[in-house]
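Participant: Please read through the structure below; I'll follow up with questions.
The values are calculated or read from the model by the stated rules, or taken from the named source; none is laboratory data. Every value quoted in this text rests on a predicted model; they were computed, and no experiment measured them. Because the Cβ atoms are built from the backbone with ideal geometry, glycine has one as well, and the counts that use them run over all protein chains shown. Ligands, DNA and RNA are stripped out before the accessible areas are found, and what is left, the full protein with its side chains, is counted by its heavy atoms. Shrake-Rupley method; radii C 1.70, N 1.55, O 1.52, S 1.80 Å.
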Amino acid sequence: GPTRKMPLTASAMDFFQLFVPDNVLKNMVVQTNMYAKKYQERFGSDEAWIDVTLTEMKAFLGYMISTSIHHCESVLSIWSSGFYSNKSIALIMTQSRFEKILKYFHIVAFRSSQTTHGLYKIQPFLDSLQNGFDSAFRPSQAQVLHEPLIDEDPVFIATCTERELRKRKKRKFSLWVRQCSSTGFICQIYVHLKEGSGVDGLDALKNKPQLHSMVAKSLCQNASGKNYIIFTGPSITSLNLFEEFEKQGIYCCGLLSTRKSDCTGLPPSMLNNPETPQSRGQYRIRMKGNMSLICWYNKGHFRFLTNAYSPVQQGVIIKRKSGEIPCPLAVEAFAAHLSYICKYDDKYSKYFISHKPNKTWQQVFWFAISIAINNAYILYKMSEAYHVTRYSRAQFGERLVKELLGLEDTSPSH
């Protein structure tokens with residue numbers, strides 16, 4: 001849970017600033033002004049530009065965050081006369097001023113000579129965000145490594161033509177997280193660029209297990225020696241990785257797929273389906289030290305690799321139609337934790353910022369801001385302030401937007 005007690009009067013902004021404090025926002029102001037100056041020296045002066053202030057930077061973020069609540073395809077529709085127009089917040093800043101800030105917005109204005117990392121323009125912000133996550137929250141023992149749902153708005157996908165879909169650029173990065181499975185709090189973010197030369201590029205590791213193994217190691221670098229139980233999907237699950245984690249005091253439970261997983265070192269007899277038909281709930285086990293390979297049948301064969309649960313401990317999967325199906329405890333735990341993360345995705349993925357910039361670092365930035373707001377809401381729900389105001393996720397987002405814009409209205413919108 002939270003590592004610090006927030007006051008009863010804590011606002012949405014107070015929770016958000018646990019992760020994005022004023023000093024980070026001030027740095028954005030400095031870097032944006034530096035970039036604007038550099039840009040104008042190179043391409044000619046811009047008479048309409050005035051250096052951005054901290055108040056304007058907060059309002060700029062507020063406008064962007066408002067797209068996560070109202071799901072408008074373009075942030076500029078706030079100033080339009082259409083369905084997504086918002087007169088109550090449009091008066092704070094003119095559209096032309098917003099577009100100027102958007103044009104010059106930067107977190108790192110200059111590239112240092114030592115920089116080779118493709119995300120150098122956003123890495124200081126990601127590092128600061130990670131420090132905020134680490135210091136504000138202590139996760140539960142059970143955690144999940146996965147790719148959260150950050151895809152396009154399903155309503156837009158359903159209504160647009162094939163030509164419009166083809167025109168939209170595919171993301172050039174993949175985003176992975178380590179997430180507390182009891183609360184949904186995202187403890188760590190890892191961004192991997194899909195393009196790049198050398199061993200760091202995804203192309204060099206495409207369709208190879210070492211990519212996902214590298215992602216898992218990066219996500220768990222701060223988890224050593226804490227007896228965490230990490231749940232993984234088929235692309236990450238492998239015997240070599242789990243054995244390496246066990247030496248670091250990290251225990252695992254993962255779904256295994258003969259097609260997607262690295263099955264090196266596992267007995268072939270357990271990877272092939274038996275010829276004799278099996279009844280639901282039957283399972284076979286093979287062990288090596290603390291590691292267990294479980295093959296469980298339920299309308300198909302499911303394989304699990306774990307060193308976190310004893311294979312002889314019994315559990316049950318409860319289905320609405322078929323009732324209770326017996327299974328090892330590892331299978332029950334995996335299903336329970338994964339179903340919680342699915343519920344988190346259903347609830348929170350629709351609050352990702354809708355703005356879709358062309359630059360990869362900006363796409364990563366807005367996804368990271370969205371995750372920070374979701375984490376802030378989870379901390380708010382676990383605080384005493386929630387029992388005073390009881391905002392829903394949408395109301396919390398609207399409160400945050402109003403506070404960033406400096407609007408005095410403090411009543412929740414319904």
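Participant: Of everything in segment 43-57, what is without any contact (Cβ under 8 Å) to a residue 24 or more places away in the chain and open to solvent by 60 Å² or more (accessible area, probe 1.4 Å)? Give them in sequence order.
Facilitator: Selection gives Phe43, Ser45, Glu47, Ile50, Asp51.
Participant: Is there a residue in segment 389-400 that is among the aliphatic types (A, V, I, L, M), open to solvent by less than 10 Å² (accessible area, probe 1.4 Å), under 24 Å from Ser140 (Cα atoms) and modelled with pLDDT of 95 or more? So that I can check it myself, show each step before the final result.
Facilitator: Filtering segment 389-400 for residues among the aliphatic types (A, V, I, L, M) gives 394, 400.
Of the ones still in play, those that are also open to solvent by less than 10 Å² (accessible area, probe 1.4 Å) are 400.
Now drop any that are not under 24 Å from Ser140 (Cα atoms), which leaves none.
No, the conditions are met nowhere in segment 389-400.
Participant: Now, a different point. Taking the options Ser370, Ser354, Ser383, name whichever one is among the polar types (S, T, N, Q), surrounded by 19 or more Cβ atoms within 10 Å (Cβ to Cβ) and out of contact with any Ser or Thr (no Cβ under 7 Å at 6 or more places or on another chain).
Facilitator: Values: Ser370 fails: out of contact with any Ser or Thr (no Cβ under 7 Å at 6 or more places or on another chain); Ser354 fails: out of contact with any Ser or Thr (no Cβ under 7 Å at 6 or more places or on another chain).
The match here is Ser383.
Participant: From the list Phe98, Phe83, Phe60, Phe110, pick out the single residue that is open to solvent by 10 Å² or more (accessible area, probe 1.4 Å), within 19 Å of Asn33 (Cβ to Cβ) and either at pLDDT below 95 or not β-branched (Val, Ile, Thr) (or both).
Facilitator: Numbers: Phe98 fails: open to solvent by 10 Å² or more (accessible area, probe 1.4 Å); Phe83 fails: within 19 Å of Asn33 (Cβ to Cβ); Phe60 fails: open to solvent by 10 Å² or more (accessible area, probe 1.4 Å).
From the options Phe98, Phe83, Phe60, Phe110, the qualifying one is Phe110.
Participant: For segment 270-314, which residues satisfy the criterion of being of a type in the set (D, E, K, R) and either part of a loop (DSSP other than H, G, I, E, B) or closer than 24 Å to Glu244 by Cα (or both)? Steps first, please.
Facilitator: Our first condition is that a residue be of a type in the set (D, E, K, R); within segment 270-314, this holds for 275, 280, 284, 286, 288, 299, 303.
Within segment 270-314, Glu275, Arg280, Arg286, Lys288, Lys299, Arg303 meet the criteria.
Participant: Looking for whichever is touching a helix residue (DSSP H, G or I) at 6+ places or on another chain (Cβ under 7 Å), crowded, with 17+ Cβ neighbours inside 10 Å, at pLDDT 90 or above and part of a helix (DSSP H, G or I) here; the options are Leu145, Leu129. Which one fits? It would help to see each step written out before you state the result.
Facilitator: Details: Leu145 fails: part of a helix (DSSP H, G or I).
Unique residue meeting the criteria: Leu129.
Rundown of residues vs (1) modelled with pLDDT under 95; (2) open to solvent by 20 Å² or more (accessible area, probe 1.4 Å); (3) more than 28 Å from Ser128 (Cα to Cα), yes/no style:
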position: Glu164; (1), (2), (3): yes, yes, yes
position: Lys169; (1), (2), (3): yes, yes, yes
position: Phe173; (1), (2), (3): yes, no, no
position: Ser182; (1), (2), (3): yes, yes, no
position: Lys208; (1), (2), (3): yes, yes, yes
position: Ala223; (1), (2), (3): yes, no, no
position: Tyr228; (1), (2), (3): no, yes, no
position: Pro234; (1), (2), (3): yes, yes, yes
position: Cys263; (1), (2), (3): yes, yes, yes
